[in-house]
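To keep things clear, I will list the structure first and then write my remarks on it.
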Amino acid sequence: MKKHQTPPVKGFSKLSKEAKIEWLIAHYAENPSDSLNMLKGYWHNLPEVQRLHDEFIENTISNYYLPFGVAPNFLINGNMYTIPFAIEESSVVAAAAKSATFWLDRGGFKAQVLGMVKMGHVHFLWSGGSHDVLNEIFEAHRSRLLASTESITKNMRARGGGILDIQLIDKTLEEPDYYQLEVRFDTRDSMGANFINSCLETLAKEWKNIVAEQHEQPVTVVMSILSNFTPECVVRAEVSCKIEDINEGSGIDNQEFADKFVRAIRIAKAEPYRAVTHNKGIMNGVDAVIIATGNDFRATEACAHAYAAKDGRYTSLSHAEIKDGNFRFWIDLPLSVGTVGGIISLHPMVKFAHELLGNPSAEELMQISAVAGLAQNFSAVRSLITSGIQKGHMKMHLLNILNQLEATEEEKKQIVEYFKDKVVSFSAAVEIFSKLRGIPVPQAQKAAK
């Protein structure tokens, strides 16, 4: 591994984009000309669009592209959707689309939002006495606390949202002198991060003033910040059909398929090693929609996995059952998304994704995202209990292998045809590629690496 002994740089953020690139290439690029052409090759050809992208974050030097794909035929609550996915993993869109088609003639997907509450906290210290003393101050001045945020919450309240509740929480058993103001919010169609944090900082200042007026021992505010854990902002998505209508088509009996599927979910519930991979597959679908629609996939991931462990043990996010001759598969997923604000009205591809979905509300986007995760999970488990996961995945991955080998279009065509009835593996792809090229296999493998 090449070691870089680059000295620290001062004022880097103040350099022009061209100067930043020049400095990076001078210190890090193995082939300066190729690196420069590559970085500029990913700039948008319309300067005004590139300027927009440059201003999303600091120190922008180029754009990083993800494939933007779509999966049609999603029937959700009686409405048809074509869902956008922004993701690089080979089989995700194909798997989701296959699930959509499978359930299209079986009633489609049903989804409902179970709650829209988001939360934030003022974390503070107080050593002035018992919790009862502090709580008496809090209850006497709760209305004053809420009134302090009225100028911030006015517009949100006009849209039916705002602050829903505020509570004093005693956390002194976990940390000496540690308390919280726990605040519940409804941010309607916005993600609401800036709104929530502004409210919390205002509440923190007012709370400090209130306690200072009522008690000789002041509070020390540690921080005021929203939580990305939203266990009360939850959406449910599900599918169901009679066992006799499954007609899975993999050569196994309908009842056997349903039994194996439910057992696979039970294993994901019982075994954390399986649950992590199982839930990762769910998030393949969810994250791809979250990214495509300009939402925060890091927050979505963190919240989902925390929710999977909410009962003290990490387990499956999805559930399945057989009852009265019916197969049912569903997921309850905490999702905090927005359809206004942020980059949603700025990023051209994000705007297109929302148009593609019919400009959904936040509740509708929650439902669509959860359905995408459930669809992805259904396809993954379906493959695992029938043909195995690699058969479909490696066929989708074949073109990546051939691009890595720098195969020509004609070579790709022949190799794809060759693997139509064969199991794809990297070594098998290298072997047939080598035969077409008339070169020894070891050389091809070496070139591929």
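Coordinate-derived values only; no laboratory data. Because the structure is predicted, anything quoted here is derived from the model rather than measured. Ideal geometry is used to build each Cβ from the backbone, glycine not excepted, and the neighbour counts take in all protein chains shown.
A few comments on the model shown:
- Using a Förster distance of 25 Å, the FRET efficiency for N79-L164 (Cβ separation, nearest 0.05): 0.30
- Label point distance in nm, L384-F426, each placed 7 Å from Cα along Cα→Cβ: 2.3 nm
- At 1.002 mPa s and 20 °C, Stokes D of the stretch 269-375 from Kirkwood alpha-carbon radius, µm² per second: 146 µm²/s
- Whole-Å distance, taken between Cα centres, linking the stretch 328-363 and the stretch 418-432: 39 Å
- The chain - charge dipole about Cα centre, Lys and Arg +1 at Cβ, Asp and Glu -1, debye rounded to 20: 1200 debye
- Estimated from helical segments only, the mean residue ellipticity of the chain at 222 nm is -15500 deg cm²/dmol, where each DSSP H run of four or more residues counts as -39500 (n - 2.57).
- Placing a label point 7 Å from the Cα of M223 along the Cα-to-Cβ direction, the residues of the stretch 183-200 with a backbone N closer than 20 Å are 183-185, 192-200.
- Additional length obtainable on full extension of the chain from S143 to L52, 0.36 nm per residue less Cα span: 28.5 nm
- Burial order of peptide ranges 101-112, 83-94 (average beta-carbon count within 10 Å, highest first): 83-94, 101-112
- Radius ratio Rg over Rh of the stretch 10-161, counting only Cα atoms, Kirkwood formula for Rh: 1.17
- Applying 0.36 nm per residue to the separation of F68 and N326 and subtracting their alpha-carbon distance, the gain on full extension is 89.3 nm.
- For the chain, the Cα-based Rg and Dmax, in that order, read 26.7, 87 Å.
- Per-residue Cβ neighbour rank within 10 angstrom, fewest leading, S16, S240, S224: S16, S240, S224
- Eligible aspartates and glutamates near K269 by straight Cα distance, threshold 16 Å, same-chain separation 8 or greater: D259, D311, E321, D332
- Zone of K171's modelled label, taken as backbone nitrogen in the stretch 204-231 under 20 Å from a point 7 Å along Cα→Cβ: 204-209, 211, 218-231
- Exposure proxy ranking, count of Cβ atoms within 10 Å, fewest first, for R144, R437: R144, R437
- Out-of-range pairs (alpha-carbon distance over 32 Å; input K10/K208; K171/K205; K118/K351; K208/K351; K98/K413): K10/K208; K208/K351
- Note on the stretch 118-227: with charges restricted to the Cβ of Lys and Arg (+1) and Asp and Glu (-1), its dipole about the Cα centre is near 640 debye.
- For K14, K412, order by how many other beta-carbon atoms lie within 10 Å, fewest first: K14, K412
- Looking at the stretch 210-259, the GluC sites (Glu not before Pro) that sit in a DSSP loop and have at most 15 other Cβ atoms within 10 Å of their own Cβ are E216, E232.
- For the stretch 313-354, alpha-carbon Rg relative to the globular expectation (2.2 N^0.38 Å, N residues): 1.95
- The slack in the chain from R157 to V117, taken as 0.36 nm per residue of separation less the alpha-carbon distance, amounts to 13.0 nm.
- Tail beyond 15 Å, pair distance distribution of the stretch 1-65 (Cα, percent): 57 percent
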